[in-house]
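Here the structure comes first, spelled out in structure tokens, and everything after it is commentary.
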Amino acid sequence: MSKSRLIVLISGSGSNLQAIIDHIDAGEINANILSVISNKANAYGLERAKAAGIATAIVDHTQYDSRELFDQSLAEIIDQSSPDIIILAGFMRILTETFVMRYVGKLINIHPSLLPLYRGLHTHKRALQDKTTQHGASVHFVTPELDAGAVIVQGVVSIKNNDNEETLAARVHQIEHIIYPQAVKLLTENKVELKADHVYINNQLLQQPKQYYLKK
């Protein structure tokens, strides 16, 4: 089976990128990361990519007069590689509808909450304020509506009595590093498809995303 062609978009440390690289290196994901693209030149994830021998590119959003022009330039670089899957891994830019629809069905993201709960920012703070007992992360297809795409897999962590935003975020990061490679693996094996805003696994409608639990 030929290897899937991946592109990863980042803005920061690239810890989810590293988790995916590690699974590829271990032979658990049949794919090549063609390029890692960042909108920030100082993103540490670029160093992770270079250490793994992966090509990198920088598209600095501050150099563009509009979101549309930035997205157009980003798309031109992506299209040079003809990727099968585009992975947002801590990419802190809201993408235009034109960009999203260009890649719909092969553009995925990870969000730090159990979607549809806590779309948007400050998810850990909001979960603590609501005194909920569980929190986590979701891998989902990207659609024009923010954090509203169909969910592929989720990771669940328990909220402890002494948790604050930092401790909760740290455990959510741990579960992210488990579930993102699993979602990528499903996609590279052509087991997942987005149809009419719903996820299908092996051509069967996914009624409930598979959930992984952090055992700590």
crowded, with 16+ Cβ neighbours inside 10 Å, outside the structural domain of residue 168 (by TED's automatic domain parsing) and without any contact (Cβ under 8 Å) to a residue 60 or more places away in the chain: does that describe residue 10?
no
Going through region 59-92 one residue at a time, which ones are within 28 Å of residue 138 (Cβ to Cβ), hydrophobic (A, V, I, L, M, F, W, C) and either without any contact (Cβ under 8 Å) to a residue 24 or more places away in the chain or part of a helix (DSSP H, G or I) (or both)?
59, 70, 74, 75, 77, 78
Can you find even one residue in region 60-76 that is among the β-branched types (Val, Ile, Thr) and either in contact with a helix residue (DSSP H, G or I) (Cβ under 8 Å, 6 or more places away or on another chain) or more than 26 Å from residue 112 (Cα to Cα) (or both)?
no
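Quick one: would you say residue 56 is in contact with a Leu (Cβ under 6 Å, 6 or more places away or on another chain) and more than 23 Å from residue 148 (Cα to Cα)?
On the way: in contact with a Leu (Cβ under 6 Å, 6 or more places away or on another chain): yes; more than 23 Å from residue 148 (Cα to Cα): yes.
Answer is yes for this residue.
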Go through (1) crowded, with 19+ Cβ neighbours inside 10 Å; (2) in a helix (DSSP H, G or I) for residue 47 and report which single condition fails.
(1)
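Looking at 184, 192, 172, which is the one that is closer than 17 Å to residue 114 by Cα and surrounded by 16 or more Cβ atoms within 10 Å (Cβ to Cβ)?
Working: 184 fails: closer than 17 Å to residue 114 by Cα; 192 fails: closer than 17 Å to residue 114 by Cα.
Answer to the check: 172.
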Looking only at residues in region 23-39 that are part of a strand (DSSP E or B) and not hydrophobic (A, V, I, L, M, F, W, C), which one is nearest to residue 189 (Cα to Cα)?
32
Looking at 95, 146, 114, can you tell me which residue is in contact (Cβ under 8 Å) with a residue 24 or more places away in the chain, more than 23 Å from residue 38 (Cα to Cα) and outside any strand (DSSP E or B)?
114
If I filter region 14-35 down to residues being touching a Lys or Arg at 6+ places or on another chain (Cβ under 8 Å) and closer than 22 Å to residue 137 by Cβ, which single residue comes out as surrounded by the most Cβ atoms within 10 Å (Cβ to Cβ)?
17
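Somewhere in region 53-75, is a residue at pLDDT 95 or above, among the acidic types (Asp, Glu) and touching a strand residue (DSSP E or B) at 6+ places or on another chain (Cβ under 6 Å)?
At the first step, the residues of region 53-75 found to be at pLDDT 95 or above are 53-75.
Next, only the ones that are among the acidic types (Asp, Glu) stay: 60, 65, 68, 71.
Keeping just the survivors that are touching a strand residue (DSSP E or B) at 6+ places or on another chain (Cβ under 6 Å) gives none.
No, region 53-75 contains no residue that is at pLDDT 95 or above, among the acidic types (Asp, Glu) and touching a strand residue (DSSP E or B) at 6+ places or on another chain (Cβ under 6 Å).
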So, residue 122, is that one surrounded by 14 or more Cβ atoms within 10 Å (Cβ to Cβ) and either out of contact with any Pro (no Cβ under 9 Å at 6 or more places or on another chain) or modelled with pLDDT of 95 or more (or both) or not?
no
Here are 118, 200: which of them is of a type in the set (Phe, Trp, Tyr) and either on the phi > 0 side of the Ramachandran plot or in the same structural domain as residue 79 (by TED's automatic domain parsing) (or both)?
118
Within region 187-216, restricting attention to residues that are in contact with a helix residue (DSSP H, G or I) (Cβ under 8 Å, 6 or more places away or on another chain) and not in a strand (DSSP E or B), which residue is modelled with the highest pLDDT?
214
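Quick check, is residue 184 in a strand (DSSP E or B) and not assigned by TED's automatic domain parsing to the domain that holds residue 82?
Working: in a strand (DSSP E or B): no; not assigned by TED's automatic domain parsing to the domain that holds residue 82: yes.
So residue 184 does not fit the description; no.
The values are calculated or read from the model by the stated rules, or taken from the named source; none is laboratory data. Keep in mind that what you see is a predicted model, and the values were worked out from it rather than measured. We place every Cβ from the backbone using ideal geometry, glycine too, and count neighbours over all the protein chains shown.
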